[in-house]
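Take a look at the structure below.
The values are calculated or read from the model by the stated rules, or taken from the named source; none is laboratory data. Keep in mind it's a predicted model, so treat the numbers as computed, not measured. All Cβ positions, glycine included, derive from the backbone under ideal geometry; neighbour counts span all protein chains shown. What goes into the accessible areas is simple: the full protein's heavy atoms, side chains included, and nothing from ligands, DNA or RNA. Shrake-Rupley method; radii C 1.70, N 1.55, O 1.52, S 1.80 Å.
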There are 2 protein chains.
Amino acid sequence: MADILHRVGIKASTKAVYQALATPEGVAGWWTRDSRGDSEVGGTLVFRFHADGVDIGGFEMKILELDPSTRVRWQVLDGPEEWIGTTIAFDLKQEDDYSIVLFKHEGWKEPVEFMHHCSTKWAIFLMSLKSLIETGKGAPDPRDVKIDNWN
Amino acid sequence: MADILHRVGIKASTKAVYQALATPEGVAGWWTRDSRGDSEVGGTLVFRFHADGVDIGGFEMKILELDPSTRVRWQVLDGPEEWIGTTIAFDLKQEDDYSIVLFKHEGWKEPVEFMHHCSTKWAIFLMSLKSLIETGKGAPDPRDVKIDNWN
């Protein structure tokens with residue numbers, strides 16, 4: 001088993017960061033504009049990605065935890081084979097003037113090349129989250145920063 | 001044991017990417033301007049970082065592998081305790097119009113919070129490497145993109 005880990009600090013309250021994580025409308029501002037679904041534990045979320053206007057894939061998640069200003073956690077129900085069954089957690093805490101986001105995408109069976117790609121891409125999207133909250137402008141798909149030949 | 005993994009694609013030859021990894025002068029263009037040392041296997045490299053003009057720490061590495069256009073690998077001799085003994089590898093290959101960099105910072109004893117930070121920061125520096133080669137302009141320390149309250 002292998003995990004993707006990240007840490008970003010956002011100059012805002014944990015409440016503000018939580019709001020961008022806890023609802024599909026929030027996530028649409030920094031991960032993918034095509035984010036839909038529920039806002040309560042046990043519900044599902046669907047995130048779709050696009051290139052040149054064409055749907056190129058996405059993820060269905062179950063919402064495992066929603067702990068206001070503290071934690072959001074999802075489990076992947078459908079999507080690329082390597083993602084299915086993995087969990088994605090965002091843990092929040094206040095430190096100095098920052099809300100610290102500790103990110104963990106946990107349970108990859110193998111450290112495949114796609115995991116390398118997703119690790120870098122998560123960093124890019126967490127910086128998009130930071131930018132959304134600090135400046136009002138994120139870079140969600142399809143305006144996301146491209147990192148390699150896979151996107 | 002835990003590893004940091006990343007993947008970036010750079011629109012350039014693997015030879016051009018290798019040159020930015022294989023010498024301290026190359027690394028100075030994307031990781032830290034204060035990069036010094038050797039350019040052969042068995043030699044050492046010293047990378048120092050700064051904030052507000054003050055030296056805030058750094059790393060000493062042993063060069064384990066230098067395989068032109070293919071691989072660069074270092075071992076950490078000195079620096080933050082969590083880094084000592086870990087290894088850092090850059091594997092290169094051509095794919096489509098890209099040189100693909102597969103990055104691995106291997107051998108962390110525990111997935112501590114500092115590892116989360118370093119994972120995100122490596123993504124930022126690999127994007128700096130990509131930018132250096134594609135546009136001629138990297139963002140090495142002290143002009144690096146800040147991600148949190150630790151830097």
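Sorted from shortest to longest, the distances between the residue B:94 label points of this copy and the other copies are 5.6 nm, with each point 7 Å from Cα along the line through the beta carbon.
Inter-copy label distances at residue A:67, using a point 7 Å along Cα-to-Cβ, come to 4.4 nm with the shortest given first. In the range A:78-128, Rg over Rh equals 1.04, where Rg is the alpha-carbon radius of gyration and Rh the Kirkwood radius from pairwise Cα distances. By the rule of a C-alpha distance below 28 Å, with chain neighbours fewer than 8 residues away ignored, the lysines paired with residue B:62 are B:15, B:93, B:104, B:109, B:121, B:130, B:137, B:146. Computed from protein heavy atoms with a 1.4 Å probe, the total accessible area buried between B and A is close to 2400 Å². Over chain A, with a Gaussian network built from C-alpha contacts below 10 Å, which listed residue (A:86, A:32, A:135) shows the highest mean-square fluctuation? It is A:135.
For the rotational copy relationship between A and B, the axis lies nearest to a chain A beta carbon, identified with its distance in whole angstrom as A:123, 2. Net charge dipole, the protein assembly as shown: roughly 580 debye, given to the nearest 20, about the Cα centre with Cβ charges of +1 for Lys and Arg and -1 for Asp and Glu. The mean number of Cβ atoms from other chains found within 10 Å of a Cβ in peptide B:16-25 is 0, as a whole number.
The Cα-based radius of gyration of chain B, divided by its Kirkwood radius, gives an Rg/Rh of 0.93. Distances between equivalent label points of residue A:36 across the copies, with each point positioned 7 Å along Cα→Cβ, amount to 6.0 nm, shortest listed first.
Among residues other than residue A:41 with Cβ under 13 Å from its Cβ, the summed charge is -1 (Lys and Arg +1, Asp and Glu -1). Mean per-residue shielding of peptide B:7-13 is 5, counting Cβ atoms of other chains within 10 Å of each Cβ.
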